[in-house]
Every structure is written in structure tokens, then in C-alpha cells.
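The values are calculated or read from the model by the stated rules, or taken from the named source; none is laboratory data. A quick note: this is a predicted structure, and the numbers were derived from the prediction, not measured. Note: ideal-geometry Cβ built from the backbone for every residue, glycine included; neighbour counts use all protein chains shown. Surface areas here come from the heavy atoms of the whole protein model, side chains and all, with no ligands, DNA or RNA. Shrake-Rupley method; radii C 1.70, N 1.55, O 1.52, S 1.80 Å.
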Amino acid sequence: MVLSKDELVGLLTHEVNVLRHLITKIDGDAVNFRPTEKQRSSIELVRYLVLQGPVLTQAIKAGAFDGPAWGAAQAEVDAMDLAGLDAKLAAQPAWFAEHVGAMTDDELRGVIQLFGPPGTRGLHFVSLVLANYAAYRTQLFCYLKLCGRTELTTSNLWRGMDAPPKA
């Protein structure tokens, strides 16, 4: 294994924490900002990020994508504002610890096929769940910058915290 289960859960927890930090930077018109008409708005992007981790984790565990489960999760988050989304995110580190932590090494090495070529469950966690967090939180960060949040730096994007003040 390249990553232990604890390391994977730690990375997922970090992603959730970075996202929660970025949510605190969304204000006013930034909630409904969308760079182009056909792109997700900021809140739609956050809603996607809130549901994708747990739903894709369930799909990886089961070895099959469950469209109705995705639809139900989408309907739940669609009814939430930023405070509700943040509250849902706050529970996800423990959820990941429970659900990913319960998987055996053999299960993580088991080969499944979801949206592309076959690969191990561990590979799917990295290429789907972790990659989605990194990609879409970067998109959210760019939205915030486009909304005038010029004080945001790579510290906000990668560490989930404001940069220390310059001396």
C-alpha cells in the first residue's frame, strides 16, 4: 500500500477542513457567483463537494455506483445553506474514519470498475475522492479570487488557514 488507512483518512479529513475554511470566505454575492452561465455557482460547487466524498466512498466500498443514492444525497444538500453544509462537513472526518477505517487491506486492494478502467479501491479513493476535493476546492478558491477576495493565498487553498501576517 502506498497509503495506510490512517493516512487516507487523514488526507480526507484535511480536505474537509480546507473546504470548511474556504466556506468561511464565501460572503454576499459570492454565494451565487458563477463565472459563466453554464458553470456551477459557488454554493452549488460546495454542495457537490459535501456529497461527493461520502457517496463515492459508498460506491467504492460496494464496487458499484448507486445513482439513486447520489440523487437522494443531492436532494438533501440542495436544501441546505452554507451553515447547513458546513455542519454536514463537520461530521465527515468521523464518518470517513468509521467507513474507510472499517475496510480491510484486502478490500482496499480489491479491483473494481466504476467510471473508467478497473483499479483497486485504494486507487479509486485517490483518483476519485481525493482528486475531486483538490480539483473542486481549487475551483472554489478561484471563484473567491474572482469575487475580489485578493487576500486569499495558497495557505488558504492548501493548508486551510489564513496566511500569517507579514512582519
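Inter-label distance, Ser4 to Arg34: 4.4 nm, where each label sits 7 Å from its Cα along the C-beta direction. Dividing the convex hull volume of the alpha carbon atoms of the range 1-101 by its residue count gives 119 Å³ per residue. The three principal axes of the C-alpha atoms in the range 44-167 carry coordinate ranges of 51, 34, 27 Å, sorted with the longest axis first. In whole percents, the pair-distance distribution calculated for the range 79-118 from its alpha-carbon pairs, binned every 5 Å from zero, is 6, 18, 14, 15, 16, 14, 11, 6. Counting protein heavy atoms only, the chain has 58 percent of its accessible area on carbon and sulfur, 1.4 angstrom probe. Using the 1.4 Å probe convention, the accessible area of the range 65-108 works out to 51 Å² per residue with neighbouring protein chains retained. If only the Cβ of Lys and Arg carry +1 and only the Cβ of Asp and Glu carry -1, the dipole of the chain around its Cα centre is close to 440 debye. Between the listed residues Phe115, Met103, Gln92, the Cα displaced farthest toward the positive end of the dipole of the range 82-126, a dipole computed from Cβ unit charges relative to the Cα centre, is found at Phe115.
Below 12 angstrom from the Cβ of Leu49, what's the summed charge of the other residues (Lys, Arg +1; Asp, Glu -1)? That sum, taken over residues with Cβ under 12 Å, equals +2. For the chain, what number of Lys pairs, 8 or more residues apart or on separate chains, have alpha-carbon atoms under 30 Å from each other? Number of lysine pairs found: 11.
Round to the nearest 10 and give me the degree value, 0 to 90, for the angle of helix 92-101's Cα axis relative to the longest principal axis of the chain. Roughly 20 degrees, rounded to the nearest 10. The rule of thumb for compact globular proteins, 2.2 N^0.38 Å, goes into the C-alpha radius of gyration of the range 56-112 1.33 times. Rounded to the nearest whole angstrom, the semi-axes of the ellipsoid equivalent to the range 113-167, taken from the Cα gyration tensor as √(5λ), stand at 32, 13, 5, largest first. Net charge in the neighbourhood of Ala102 (other residues with Cβ under 11 Å of its Cβ; Lys, Arg +1, Asp, Glu -1) is 0.
Summed over the residues of the range 1-49 and divided among them, the accessible surface reaches 53 Å² per residue at a probe radius of 1.4 Å.
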